Structure formats: C-alpha cells, structure tokens
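Novice: Take a look at the following structure, please.
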Amino acid sequence: MTTTGGSNKANCGRVSGMGGEMRKSILIFAAALFALGTAGTTARADFVVIFQPNPVYLSQTTKLAITDPDFTVTSMIGPIGFSPAVTELTVPTSWATWGCPPQTEDCTPRVLWTGSSETLTFTLPSGNQALGFEAEPNIFEVEHIVADFYDGASLVGSVNYDINGIAGALLMAADTHTNQFTSVTITDTNGSGGFAIGDIRYGTPQSITSTPEPASMLLLGSGLLSLAGLRKRLQKS
C-alpha cells in the first residue's frame, strides 16, 4: 500500500501588573469551563458521550464479532453494514498498534480498516440507543477523526478527537434515551491511508455513567489554578 505523509501501520505489504494578571486568570478560567463542556463533542439534546469503556457500557451493549480471516474484505458483519467495504485485520500482526485499557477495551482487538478511504459509514437496525467503537489512524501521526451519529437523516450528535496513530486508539461512543442510532459516519479530516475501527458495540442500555474526559478535567484544573494566582508561566512571558 502506498500512502503520502508519515509511515503507516496496515501490514498489507503509522503580561504585566496585578490587574492584567487577574483579567487573564478570569479569561483562562472561563475558557477552561467552556472547553470542559465542548471538548471532544458537539452534543445535541439527549446525546451523552461515553469517554471510556466503563463496566456499565460493556455489560449493556453487544460487541460485534469479527471472525473472518485477516484481509477478508466485507461490507456486512452481522446486523451492521459498511460503506465502503472494510478489511478485517488483527492487532498486532496485520495492524501494528492500538490502545490499551482504560482508554480502550483491550490491546489486541480485531479491527476493520477502511483502506484508502477517509470516510466510513456503517448502518445498524433501528432500536439501538447506545453505539460505540474505537478508532485509530493508519498513519503514524496525530489525526483529527470525527464521528457523526444519526437517527435516520437527523444528526443526533458528534464526537471528535485528535487521535495518535501510534498506539493511541480511543473510544468514540454515546448513548441517547429519546432518539436512536441508525448510522454513524466517521471521517479522518486530515489523513491519508484510511483508519481502523474496532470493538464495535451497540444496544439499548438502561443507564450508562460517563467517565469524565481526562483532557477536560485537566483543562478545568488548569483554570482553577489560574484563578488562584499560580501564574508563573505568564509572568515569565
């Protein structure tokens, strides 16, 4: 396989004065609070992001079984259809890296590679109110991946992360209680060589408690420290 950019992993052949300081502290704190509510998601009504594969998520969803031999190309596995067709691979023998718990379900899943396509849509039967999968770029670099979750033609919400192609796979999952998920469209916005998804799960859970996104908690923490006056970095600038 030939790609442009970095290496790939699919082994088919990866301020001054007190007043100014206070104003900056308040602005940074406000920005941190804003980021806490928006980082990684574009949520609409009744769309709850699941940041990690917590026990409730795992117990109340069904995992799609990928059982065909490596390099099998398919457009349908169980009740889920894929467009374009995907290639079944295994970490680490035919797909070099993935993530590990707690960010992912396991370290060596079977995965589905999109080949040269930067967009993948998969559809599933009606009635599912939880849907998730893990994703990682093929190229060994950080790339921005967006997942748009739909109920029919209506966008329910989106999840988007910068994901490292070197053992940086992340869960992209959500649940809803007044809508359903009938399809998801995944796009690598700045990649080449496609991406892989794995540990695909779906179901109708009673309740899934979302683990706070680590990056968002760090942003909130940094905002609180800023408001408290720990401004050493700005004082040096």
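Novice: So for segment 95-116 (the condition being of a type in the set (S, T, N, Q), more than 17 Å from the chain's Cα centre (by Cα) and within 15 Å of residue 8 (Cα to Cα)), does at least one residue qualify?
Specialist: Within segment 95-116, one or more residues are of a type in the set (S, T, N, Q), more than 17 Å from the chain's Cα centre (by Cα) and within 15 Å of residue 8 (Cα to Cα).
Novice: Those residues that are in a loop (DSSP other than H, G, I, E, B) and more than 20 Å from residue 87 (Cα to Cα), I need them from segment 174-205; list them, please. Give the steps one after another, and end with the answer.
Specialist: As a first pass, look at segment 174-205 and keep what is in a loop (DSSP other than H, G, I, E, B): 176-182, 189-194, 204-205.
The answer is 176, 177, 178, 179, 180, 181, 182, 189, 190, 204, 205.
Novice: Quick test for you: out of 105, 143, 134, pick the one residue that is crowded, with 20+ Cβ neighbours inside 10 Å, of a type in the set (Asp, Glu), at pLDDT 95 or above and within 16 Å of residue 77 (Cβ to Cβ).
Specialist: Going through 105, 143, 134 in turn, the sole match is 134.
Novice: Which of the residues spanning segment 182-200 are of a type outside the set (D, E, K, R) and under 21 Å from residue 8 (Cβ atoms)?
Specialist: Keep residues of segment 182-200 that are of a type outside the set (D, E, K, R), which gives 182-187, 189-198, 200.
Listed by number, the residues that qualify are 186, 187, 189, 190, 191, 192, 193, 194, 195, 196, 197, 198.
Novice: Any idea how many residues of segment 119-131 are within 22 Å of residue 84 (Cβ to Cβ) and either surrounded by fewer than 20 Cβ atoms within 10 Å (Cβ to Cβ) or touching a helix residue (DSSP H, G or I) at 6+ places or on another chain (Cβ under 8 Å) (or both)?
Specialist: Residues flagged as within 22 Å of residue 84 (Cβ to Cβ) and either surrounded by fewer than 20 Cβ atoms within 10 Å (Cβ to Cβ) or touching a helix residue (DSSP H, G or I) at 6+ places or on another chain (Cβ under 8 Å) (or both) within segment 119-131 amount to 5.
Novice: Across segment 192-222, what is the total count of residues that are at pLDDT 70 or above and among the small types (Gly, Ala, Ser)?
Specialist: 6
Novice: Return the only residue of 155, 171 being more than 25 Å from residue 103 (Cβ to Cβ), in the same structural domain as residue 85 (by TED's automatic domain parsing) and either in a strand (DSSP E or B) or at pLDDT 95 or above (or both). Show your work before the answer.
Specialist: Numbers: 171 fails: more than 25 Å from residue 103 (Cβ to Cβ).
Criteria check complete, one pass: 155.
Novice: Let me ask another. Out of all the residues in segment 101-108, is one or more in contact with a strand residue (DSSP E or B) (Cβ under 7 Å, 6 or more places away or on another chain) and in a strand (DSSP E or B)?
Specialist: no
Novice: Look at residue 82 and say whether it is modelled with pLDDT of 95 or more and in a strand (DSSP E or B).
Specialist: Working: modelled with pLDDT of 95 or more: yes; in a strand (DSSP E or B): yes.
Here the answer is yes, as residue 82 does meet what is asked.
Novice: Right, something else. Given the conditions (1) modelled with pLDDT under 50; (2) surrounded by 14 or more Cβ atoms within 10 Å (Cβ to Cβ); (3) over 19 Å from residue 103 (Cβ atoms), which single one is not true for residue 64?
Specialist: Tallying (1) modelled with pLDDT under 50; (2) surrounded by 14 or more Cβ atoms within 10 Å (Cβ to Cβ); (3) over 19 Å from residue 103 (Cβ atoms), residue 64 fails exactly one: (1).
The values are calculated or read from the model by the stated rules, or taken from the named source; none is laboratory data. Since this is a predicted model, take the numbers as computed values, not measurements. Positions of Cβ are backbone-derived with ideal geometry, glycine not excepted, and every protein chain shown enters the neighbour counts.
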